[in-house]
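**Q** After the structure tokens below, expect a handful of questions from me.
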Amino acid sequence: MTRIRSWALPLLGAVTALAVWWSATVVFGIRSFFLPAPPDIVEAFRRQPAYLLREAGSTVAVTVTGFGIAVVAGLLLAMTLTAWRALERATLPVLVALNSVPKVAVAPLLVVWLGFGAQPKIVLVVLICFFPVVVATMAGLTSTPAELSELSRSLSASVWQAYVKIRLPWALPQMFVGLKVGISLAVIGAVVAEINNPTGGLGAVIVLSGMSFDTPLAFAAITLLAVLSTALFYLVVLLERLLVPWARAISG
Amino acid sequence: MTRIRSWALPLLGAVTALAVWWSATVVFGIRSFFLPAPPDIVEAFRRQPAYLLREAGSTVAVTVTGFGIAVVAGLLLAMTLTAWRALERATLPVLVALNSVPKVAVAPLLVVWLGFGAQPKIVLVVLICFFPVVVATMAGLTSTPAELSELSRSLSASVWQAYVKIRLPWALPQMFVGLKVGISLAVIGAVVAEINNPTGGLGAVIVLSGMSFDTPLAFAAITLLAVLSTALFYLVVLLERLLVPWARAISG
Amino acid sequence: GDSGDAPETSADKVTYLTAFGAVGRDAFAWVAQEKGYFRDAGLDVTIQLGAATGENIKVLSAGQAQFANLDMTGAWILAGKGQAPDIRAFAAVHQQTLVSIIALEGSGITKPKDLEGRKLGAATGSVNQLLFPAYAKLAGIDASKVEWVNAAPAQLPSLLASGRVDALSTFLIGARGIEKAAGGKKTVVLPYSEFLPGLFGNGLMASSKVTAADPDMVRRFRDAALKGLQYTLDHPDEAAQILKKAQPTADVTAAVGEITLMTPAVKPSGVIDKTKVADALTTLESNGLIPPGLTPESVVDFSLAPTA
Amino acid sequence: MIALTRVSRTFPARTETVAALHEIDLTVAEGEFVAVIGRSGCGKSTLLRLIAGLLEPTSGTITVDGGPVRGPRRDVALMQQQPALLPWRTALGNVLLPVEIARLPRAEGADRARELLDAVGLAGFHHRHPYELSGGMQQRVALCRALIQQPRVLLMDEPFSALDALTREDMAAQLQALHLARPATTVFVTHSIQEAVLLADRVVVLSPRPGRVREVLAVDIPRPRSLGRSAALPAVAECVAHLHDVLAKAGDDGRLS
Amino acid sequence: MIALTRVSRTFPARTETVAALHEIDLTVAEGEFVAVIGRSGCGKSTLLRLIAGLLEPTSGTITVDGGPVRGPRRDVALMQQQPALLPWRTALGNVLLPVEIARLPRAEGADRARELLDAVGLAGFHHRHPYELSGGMQQRVALCRALIQQPRVLLMDEPFSALDALTREDMAAQLQALHLARPATTVFVTHSIQEAVLLADRVVVLSPRPGRVREVLAVDIPRPRSLGRSAALPAVAECVAHLHDVLAKAGDDGRLS
Ligand SMILES: Nc1ncnc2c1ncn2[C@@H]1O[C@H](COP(=O)(O)OP(=O)(O)OP(=O)(O)O)[C@@H](O)[C@H]1O
Ligand SMILES: Nc1ncnc2c1ncn2[C@@H]1O[C@H](COP(=O)(O)OP(=O)(O)OP(=O)(O)O)[C@@H](O)[C@H]1O
Ligand SMILES: Cc1ncc(C[n+]2csc(CCO)c2C)c(N)n1
Ligand SMILES: [Mg+2]
Ligand SMILES: [Mg+2]
């Protein structure tokens, strides 16, 4: 019963969304150039599935690599900044300022500096999803309950031990907020990079099919992207369930 | 002493960042249309300060309006989804999927649907910063400690009372993670919208000056944007200090 | 990208940037690749998809690509501002600018005068807008009575089709695509070249560093690319198919349309006539688009450009 | 008022299921004061949670005021084992929470809250936040929060555990006074046998793992019972000694090393 | 071993400053067992935090083992008033935390942790997480975590407050046995006067607001003192009665309504 409903509800949601979309295109008589209906998209997908899947694979590779780097770097930076508050006060404003530079404006520069390979794309992904990971992890690391900090101090734990054994596990549930927001942004970052430098990936499909006025193909790419991004998001959710089962147990 | 250092450290950080940047342009002999040095930017700013400030004002207006809407809507949605888990299971995947549609691809559609005014820009801001607010607030709302949930149930609190008096205040520190990430994204969303539909704002300055190869002017706009975004971020931090002083007191 | 067959040991590895993604006007590069013209010329060419003129110039300047196809008029306006001092054209693709006003039939726009009081869409900050005052003066209309709307290039057709703008200023070769976007409505095309015949359209360019270091390689590239251009004009359908094969997003019909529409403006020799260049620069100068002083030699490498 | 019939409750766990309570039969009359004692982990808190409607029994039925328990009720107040104070509210604000939730007149509630806080010795601490209070002070705030509800049924889980011996006696005396003035049906979990005897009409002894009712002892000492010194009364001493023995035999938990 | 000289500690607050401890003079000899009793909120926990190096005194000096206290030390163990267990670790994992942090051999540590958990009656609960344990069980896990450190100085803040009377006696007996076998210098905060008298060499009575040393009573009853029933010994009863009176006079806190 629970097993059935665990699939039924998300399915119901997806079907409803599709139905709303489809009927909107019919009721308002929207042409497929502006907003294709689901069958147009299916049709576009079936025209060249291998191509689309290959490009999706390339987007996933860029996304996951960049996200991985951002998570490791973000975690380390968050640990450093929370361990050394003077450094935080000196660098966080600069970080916030740098983060606010629109990535769309940075993407062309990255191509100029790093060329046409995967590098500038990965860098853009890192840049875009680094910040939420840092902010969320910092929030988690500074939320250790006073009695647990006191415990760790009374045990004369080193800074590293305090982080690894107490502060970081405690921060995990909050860190996962950053990871969930970050993985969604990572996909977007990959797409922005690919739109800017359309050598491959679903972003390239979107921009190039736009140039050929093939809106259904662009939407097939966007749909694949949505599926892919949802899958990555729920992978992160799964990881959360595995790593922090206790968080659900102590809250209600 | 503390007062002095509270300004000295961020200033030191900013000055260091500027110094690194400046010396990079000098040492590597980077031409100003790739990466202008700070004096070029100051010069560009002094050429037309009133214009830049006016456009900055328009970006701020779009950002703040969109962010405000996203916060209210995100909060309400997070409350609804956490109160009614079946709805969450049905709609969250759709939400994740929709969120992953690259905003850069949506921006042109918004102009087609909503015209050239402020509306499509505000909508884009809402779309871009809605998700982090929802994810973070949901995480906060589901992290109520078991004994506090038990308290609220034993008092026969209505769902609304449980949220307003217990779950929401408890969620505030985590919600602020979403707000901090969201405000940064909101600025980016405004700029993306303005780049796409350059009728005004700093995004328009960036794209128009970029087209005419006035890179220093583009960077003057980007710098203003960074300043503005940092200011908005620290406004949110200030708000956090005012609203949840207890969060810092119970953690250490 | 598409790197063609396995490179020979001696082949020069170069990167080439298209003018605007992967559409009909750039098909000749893939044709040259597919037909082995580049390989035969001892070149191992990687084709990258270019963006707007300015971005392509930056990439050339930074050395991330050796060759690019881009709008010569736009490039020269930038050169006049001292922003692209080291970029040289070495072959013309379009002998005249393809920038045009495009409106839909039935919109009431049939001649330049009809544009007054209308909304015109164009790529943000594009040459199309910069050239318009000159065009307007010569066409006898009041440029100040036209309202401009900036947008991303790929977004323009949908703005026109949805009625958000009354006409576009874009390359006339996009007309077929725009008709497709507008649900089959026919277009009215008013080319700028009617009043501004002396301006060039797209051309092949390189940075002066490349032209100076290996002029022979530039010649080999030029000839292979122009051979591809010739083949493309002769076989528009096959060229479009080749493009589609290399770039699955390409639309064959629109590509054939672009190729046939651009044919009248193309000389497959790629010739760049020095006096025509001088005239073009004068036109730009007299319309205040560039300051005086730009010489033909500073924008075209006449030692490399085909002369007849 | 409260009736439990063959109530069992188990907790699932990865390896084996923990049987917290096993076939508990217990009735508490209207206005009666029942104390529950038992070894740590024998299921006392679970029992209170069941009566409060926070947990469902695995089997058996629970009725309060004649009706089956389907969830928490407004006329039942539970004082939990942990203080469970809201960190963003002052002591006074925490005590006022039930008043706000029941939408009672706030001014009256505030007066009563202040009286209660003063009565438990927190006169100077109305506007302090929980993290500024000692453990015992926090517990007293939680006590005030339970008392302000003036419920028909009062469930208290070791309400005085964080208090020193004397404060504990004071609090017990106040609780007895309140109970005599306005007898709420009370189930009172405590660690102190003496306290149980001095406060309760009946003392229930639970045996551990699984929790069963081992003995129910009626305490027939007239009220008001003077606490503190008078704990040495022979009747009290006898009851205490008896319960001590029962408890000692009630399980092998907490064995000596 | 521990020496406090004119130690005061105040806490700033928005309106007025709370003086938690005022000019405390106290020395604890090596291996001595000192119990601290006092009204709720009189500063007992603050005193332990100061000795543990977790708080700095506002004035006065504290030395441990001859040197001034500058921060927490490895040879000082503190058992806090709250269990403070890590929710992601099992009972066993929580007890092993100090072993891991001190980088002691893990296998030996695990053996000792299992013995300790068995000794406090948690034999079947080694692999349970804190949220699966009752309040008293959690407190016993925290006790094991403090004991596994085998520190030279042991500071305990109401270690048995969540335990029922009998488990409490068992635990006290075990603690006495451990102390006799390997006398750590111990400061033991308790609510139970009787427990203080039965365990301690000296009992310190603090008076509240601000906390001052009201009296220090040496308990000259030979060890091992039998707990439980023998609490009725005349010498013990006398000490208890005396301390009760001192405490009752020590402050007007927790006044009757
Ligand atoms: N962080 C703090 N901020 C402000 N006041 C504090 C703080 N910690 C303790 N106090 C105050 O100091 C006094 C002593 O507190 P402490 O916790 O030491 O008492 P205690 O003797 O341990 O009480 P209990 O027996 O209730 O645990 C109390 O009045 C308390 O309000
Ligand atoms: N949520 C839970 N999950 C698993 N086991 C639980 C849970 N809650 C309680 N238990 C188990 O049920 C038994 C009874 O717990 P309960 O808290 O009722 O004991 P208690 O009598 O209140 O003990 P104490 O005096 O220590 O507070 C214990 O063995 C405990 O481990
Ligand atoms: C569909 C379509 N829209 C616009 C252009 C023109 N274009 C492309 S890039 C650019 C900027 C150059 O300055 C311009 C004007 C086109 N070719 N095709
Ligand atoms: Mg309990
Ligand atoms: Mg205390």
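**Q** Quick one: which residue in B:Ala44, B:Ala97 is assigned to a helix (DSSP H, G or I), in contact with a helix residue (DSSP H, G or I) (Cβ under 9 Å, 6 or more places away or on another chain) and touching a residue at least 24 places away in the same chain (Cβ under 8 Å)?
**A** B:Ala44
**Q** Right, next: Counting only residues that are under 20 Å from the mean Cα position of the chain (by Cα) and acidic (Asp, Glu), which one in region D:44-103 is farthest from B:Ala171 (Cα to Cα)?
**A** This residue is D:Asp65.
**Q** Would you check if E:Val240 is open to solvent by 10 Å² or more (accessible area, probe 1.4 Å) and either within 11 Å of another protein chain (Cβ to nearest Cβ) or in contact (Cβ under 8 Å) with a residue 40 or more places away in the chain (or both)?
**A** Numbers: open to solvent by 10 Å² or more (accessible area, probe 1.4 Å): yes; either within 11 Å of another protein chain (Cβ to nearest Cβ) or in contact (Cβ under 8 Å) with a residue 40 or more places away in the chain (or both): yes.
Taking the combined requirement at face value, the residue satisfies it.
Yes/no matrix, rows are residues, columns are (1) surrounded by 18 or more Cβ atoms within 10 Å (Cβ to Cβ); (2) facing another protein chain (nearest Cβ under 8 Å); (3) more than 20 Å from E:Arg140 (Cβ to Cβ); (4) within 16 Å of ligand 2 (Cβ to nearest atom):
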site: E:Ala162; (1), (2), (3), (4): yes, yes, no, yes
site: E:Ala172; (1), (2), (3), (4): yes, no, no, no
site: E:His179; (1), (2), (3), (4): yes, no, no, no
site: E:Val204; (1), (2), (3), (4): yes, no, yes, no
site: E:Arg223; (1), (2), (3), (4): no, no, yes, no
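**Q** Looking at region D:14-52, which of the residues that are without any contact (Cβ under 8 Å) to a residue 40 or more places away in the chain and part of a loop (DSSP other than H, G, I, E, B) is surrounded by the most Cβ atoms within 10 Å (Cβ to Cβ)?
**A** D:Thr17
**Q** Hey, among the residues in region C:6-63 that are within 14 Å of the chain's Cα centre (by Cα) and β-branched (Val, Ile, Thr), which one's modelled with the highest pLDDT?
**A** Residue satisfying both the conditions and the ranking: C:Thr18.
**Q** Output yes when any residue across region D:149-159 is more than 23 Å from E:Asp157 (Cβ to Cβ), more than 7 Å from every other protein chain (Cβ to nearest Cβ), among the basic types (Lys, Arg) and crowded, with 22+ Cβ neighbours inside 10 Å, and no when none is.
**A** Checking region D:149-159: not a single residue is more than 23 Å from E:Asp157 (Cβ to Cβ), more than 7 Å from every other protein chain (Cβ to nearest Cβ), among the basic types (Lys, Arg) and crowded, with 22+ Cβ neighbours inside 10 Å.
**Q** Could you please let me know if E:Leu154 is more than 16 Å from ligand 3 (Cβ to nearest atom) and either in a loop (DSSP other than H, G, I, E, B) or farther than 19 Å from E:Val34 by Cβ (or both)?
**A** no
**Q** Filter region C:144-155 down to residues that are part of a helix (DSSP H, G or I) and under 23 Å from C:Thr73 (Cβ atoms) and give me whichever is modelled with the lowest pLDDT.
**A** Per the stated criteria, the residue is C:Ala154.
**Q** Further question: Does C:Ala225 meet the test of being small (Gly, Ala, Ser), in a helix (DSSP H, G or I), within 14 Å of chain B (Cβ to nearest Cβ) and crowded, with 18+ Cβ neighbours inside 10 Å? So that I can check it myself, show each step before the final result.
**A** Numbers: small (Gly, Ala, Ser): yes; in a helix (DSSP H, G or I): yes; within 14 Å of chain B (Cβ to nearest Cβ): no; crowded, with 18+ Cβ neighbours inside 10 Å: yes.
It is false that C:Ala225 is small (Gly, Ala, Ser), in a helix (DSSP H, G or I), within 14 Å of chain B (Cβ to nearest Cβ) and crowded, with 18+ Cβ neighbours inside 10 Å.
**Q** So for region C:49-60 (the condition being within 23 Å of C:Asp301 (Cα to Cα) and part of a loop (DSSP other than H, G, I, E, B)), does at least one residue qualify?
**A** As a first pass, look at region C:49-60 and keep what is within 23 Å of C:Asp301 (Cα to Cα): C:50, C:52-60.
Okay, now just the ones that are also part of a loop (DSSP other than H, G, I, E, B), so C:50, C:52.
Within region C:49-60 (the criterion being within 23 Å of C:Asp301 (Cα to Cα) and part of a loop (DSSP other than H, G, I, E, B)), the answer is yes, since at least one residue qualifies.
**Q** Okay, next question. For the condition open to solvent by less than 10 Å² (accessible area, probe 1.4 Å), within 14 Å of chain B (Cβ to nearest Cβ), away from ligand 1 (no atom under 16 Å from the Cβ) and in a loop (DSSP other than H, G, I, E, B), what is the one hit in C:Ala84, C:Ala122, C:Ala75? Reasoning before the result, please.
**A** Details: C:Ala122 fails: in a loop (DSSP other than H, G, I, E, B); C:Ala75 fails: in a loop (DSSP other than H, G, I, E, B).
It is C:Ala84.
**Q** Follow-up. Quick one: would you say B:Ala171 is aliphatic (A, V, I, L, M) and either open to solvent by less than 10 Å² (accessible area, probe 1.4 Å) or within 15 Å of D:Leu86 (Cβ to Cβ) (or both)?
**A** yes
Matching residues to (1) touching a strand residue (DSSP E or B) at 6+ places or on another chain (Cβ under 7 Å); (2) in a loop (DSSP other than H, G, I, E, B):
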| site | (1), (2) |
| --- | --- |
| D:Pro159 | yes, yes |
| D:Asp170 | no, no |
| D:Leu178 | no, no |
| D:Phe188 | yes, no |
| D:Ala196 | yes, no |
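**Q** While we're on this one: Checking D:Val141 against (1) within 16 Å of ligand 2 (Cβ to nearest atom); (2) in a helix (DSSP H, G or I); (3) within 12 Å of chain E (Cβ to nearest Cβ), only one condition comes out false. Which one?
**A** Failed condition: (1).
**Q** Among the residues of region D:63-80, which ones are in a loop (DSSP other than H, G, I, E, B) and surrounded by 24 or more Cβ atoms within 10 Å (Cβ to Cβ)?
**A** First, pick out the residues of region D:63-80 that are in a loop (DSSP other than H, G, I, E, B): D:65-66, D:69-75, D:80.
Correct list: D:Gln80 only.
**Q** Out of (1) in contact (Cβ under 8 Å) with a residue 24 or more places away in the chain; (2) buried (at least 21 other Cβ atoms within 10 Å of the Cβ); (3) under 22 Å from E:Leu85 (Cα atoms), what's the single condition that is false for A:Val111?
**A** Unmet condition: (3).
Rundown of residues vs (1) of a type in the set (S, T, N, Q); (2) within 16 Å of ligand 4 (Cβ to nearest atom); (3) outside the structural domain of D:Ile37 (by TED's automatic domain parsing), yes/no style:
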{"residue": "D:Ala165", "(1), (2), (3)": "no, no, no"}
{"residue": "D:Ala172", "(1), (2), (3)": "no, no, no"}
{"residue": "D:Pro183", "(1), (2), (3)": "no, no, no"}
{"residue": "D:Ala196", "(1), (2), (3)": "no, yes, no"}
{"residue": "D:Ser207", "(1), (2), (3)": "yes, yes, no"}
{"residue": "D:Cys239", "(1), (2), (3)": "no, no, no"}
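**Q** Determine whether region D:100-116 contains at least one residue that is of a type in the set (A, V, I, L, M, F, W, C), outside any helix (DSSP H, G or I), more than 16 Å from ligand 4 (Cβ to nearest atom) and surrounded by 22 or more Cβ atoms within 10 Å (Cβ to Cβ). Explain how you work it out, then say what you get.
**A** Within region D:100-116, the subset of a type in the set (A, V, I, L, M, F, W, C) is D:101-102, D:104, D:107, D:110, D:113, D:116.
This time we only want the ones that are outside any helix (DSSP H, G or I), so: D:102, D:104.
Subsequent filtering for residues that are more than 16 Å from ligand 4 (Cβ to nearest atom) retains D:102, D:104.
Among the residues that remain, those that are also surrounded by 22 or more Cβ atoms within 10 Å (Cβ to Cβ) are: none.
No: region D:100-116 contains no residue that is of a type in the set (A, V, I, L, M, F, W, C), outside any helix (DSSP H, G or I), more than 16 Å from ligand 4 (Cβ to nearest atom) and surrounded by 22 or more Cβ atoms within 10 Å (Cβ to Cβ).
**Q** With A:Ser184, A:Ser143, A:Ser152, A:Ser156 as the choices, which residue is within 11 Å of chain B (Cβ to nearest Cβ) and either at pLDDT 95 or above or outside any helix (DSSP H, G or I) (or both)?
**A** From the options A:Ser184, A:Ser143, A:Ser152, A:Ser156, the qualifying one is A:Ser143.
**Q** Taking region D:147-160, which residues are under 10 Å from the mean Cα position of the chain (by Cα) and away from ligand 1 (no atom under 16 Å from the Cβ)?
**A** Of everything in region D:147-160, those that are under 10 Å from the mean Cα position of the chain (by Cα) and away from ligand 1 (no atom under 16 Å from the Cβ) turn out to be D:Leu154, D:Leu155, D:Met156, D:Asp157.
**Q** Would you please list the contacts, defined by Cβ atoms under 9 Å and residues six or more apart or on different chains, that run from a residue in region D:130-154 that is on the phi > 0 side of the Ramachandran plot to a residue that is aliphatic (A, V, I, L, M) and away from ligand 4 (no atom under 16 Å from the Cβ)?
**A** Once the first residue is on the phi > 0 side of the Ramachandran plot and sits in region D:130-154, its partners that are aliphatic (A, V, I, L, M) and away from ligand 4 (no atom under 16 Å from the Cβ) give D:Gln150/D:Ala77; D:Gln150/D:Ala184.
**Q** Does A:Leu232 satisfy the criteria of being in a helix (DSSP H, G or I) and either under 18 Å from A:Ala50 (Cβ atoms) or over 20 Å from the mean Cα position of the chain (by Cα) (or both)?
**A** no
**Q** Among the residues of region C:253-265, is any open to solvent by 50 Å² or more (accessible area, probe 1.4 Å), modelled with pLDDT under 90 and within 14 Å of another protein chain (Cβ to nearest Cβ)?
**A** yes
**Q** For region B:136-159, what are the residues that are open to solvent by less than 10 Å² (accessible area, probe 1.4 Å), in contact (Cβ under 8 Å) with a residue 24 or more places away in the chain and of a type in the set (A, V, I, L, M)?
**A** B:Ala136, B:Leu141
**Q** On to the next question. With respect to A:Val177, is the statement that it is closer than 25 Å to A:Tyr234 by Cα, at the interface with chain B (Cβ under 9 Å from one of its Cβ atoms) and either open to solvent by 20 Å² or more (accessible area, probe 1.4 Å) or β-branched (Val, Ile, Thr) (or both) true?
**A** Values: closer than 25 Å to A:Tyr234 by Cα: yes; at the interface with chain B (Cβ under 9 Å from one of its Cβ atoms): yes; either open to solvent by 20 Å² or more (accessible area, probe 1.4 Å) or β-branched (Val, Ile, Thr) (or both): yes.
Judged against the criteria, A:Val177 is a match.
The values are calculated or read from the model by the stated rules, or taken from the named source; none is laboratory data. In this text the structure is predicted, and so the values were computed from the model without any measurement. Glycine gets a Cβ as well: all are built from the backbone with ideal geometry, and neighbour counts include every protein chain shown. For accessibility, only protein heavy atoms count, side chains too; no ligands or nucleic acids. Shrake-Rupley method; radii C 1.70, N 1.55, O 1.52, S 1.80 Å.
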